[in-house]
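Contents: one structure, followed by commentary.
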Amino acid sequence: MGLTSPAGYEVGTAHRITGTAAPGLRLELAIPSLGVFAEIPVASNGTWSFTTPQIGGGVHGVLVSDSADPGNDLWFELIPLPV
């Protein structure tokens, strides 16, 4: 599972998170501080994406996991970009 999105975001905007994984997987994405929990399908070309709601200030942890392989998790943080 890979991640191609930058980890920085502009406060008050939505943020698109993209990545790669094995085609056909269904990933689970969680951003607990935003109350976001979603299932994300991986396309046949191996890509996935998710657009967050607008984000307020602060660091937000993101967990992307493969429900078929509980140890296959990707953790990263969304960090506000300096103005």
Can you sort Trp48, Trp75 from fewest to most other Cβ atoms within 10 Å of each residue's own Cβ? Trp75, Trp48
Would you calculate the separation in nanometres between label points at Leu74 and Gln54, each defined as 7 Å from the Cα along the Cα-to-beta-carbon direction? 2.7 nm
Assigning unit charges at the beta carbon (Lys, Arg +1; Asp, Glu -1) and nothing else, what dipole magnitude in debye, to the nearest 20, does the stretch 2-80 show about its Cα centre? 180 debye
Could you give the nm distance between label points at Val36 and Thr20, where each point is 7 Å from its Cα heading toward the beta carbon? 2.3 nm
Rounded to whole Hz and in sequence order, give me ³J(HN,Hα) for the stretch 54-70 from the Karplus expression 6.51 cos²θ - 1.76 cosθ + 1.60, θ = phi - 60°, writing x for Gly and Pro. 4, 10, x, x, x, 8, 10, x, 10, 10, 10, 9, 9, 5, 7, 9, x
For the chain, treating each Cα as an identical point scatterer without solvent, what Debye log10 I(q)/I(0) comes out at q = 0.16, 0.20 1/Å? -0.57, -0.86
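Only the coordinates and a few stated rules stand behind these numbers; no lab work does. Computed from a prediction, not measured in an experiment: that's the story for all the values here. When we count neighbours, we look across all protein chains shown, and the Cβ atoms used for this are built from the backbone with ideal geometry, even at glycine.
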